[in-house]
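**Student:** Shown below is the structure under consideration.
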Amino acid sequence: MIDRPNLPRIPHAFYKWYCKKDRYEELHGDLEESYERARRVDQAKLLYWWDVIRCCNPMHGRRPDRNQAKSYRYVAELLLHGHKKTLQDKSYFVINISGLAVGYCQFTFISLYIINELSYDQFHSKYENIYRVNAVPRV
């Protein structure tokens, strides 16, 4: 058991910001008790992080800001603007999308090749005991 709780600052500050004022004291007491029950300090800190993450559910959190609706409108305007630009500059759009598709294909093929090379001879039961011997001819 830890004698005196010295709570980790970052998760404590986040939870204090996130939690509603009327629920903070009750939930913080539970978090502090679970922190005190841990046997080692490093284990207690890790469990405190985990408990803070688990306690962050919408019921305990703050209500969304009124400016959030404005941000949704802003994203909608950006999408509309992007759609208009693609209709105006069709050739530029096609070049960009085809370049992106070629890049994704190259990444996929290179990844598959590397995975295939790394899995060579792993179907044997004792594949870690397989060695390759190269003979170099003397001239």
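**Student:** Among the residues of region 99-139, how many are over 28 Å from the mean Cα position of the chain (by Cα) and not in a loop (DSSP other than H, G, I, E, B)?
**Tutor:** 4
**Student:** While we're on this one: Taking the conditions exactly as written (of a type in the set (Gly, Ala, Ser), in contact with a Ser or Thr (Cβ under 9 Å, 6 or more places away or on another chain) and modelled with pLDDT of 75 or more), does ALA13 satisfy them or not? So that I can check it myself, show each step before the final result.
**Tutor:** Numbers: of a type in the set (Gly, Ala, Ser): yes; in contact with a Ser or Thr (Cβ under 9 Å, 6 or more places away or on another chain): no; modelled with pLDDT of 75 or more: yes.
So ALA13 fails the test.
The values are calculated or read from the model by the stated rules, or taken from the named source; none is laboratory data. None of the values given here were measured: they were computed from a predicted structure. Cβ: placed from backbone, ideal geometry, glycine included. Neighbour counts: every protein chain shown.
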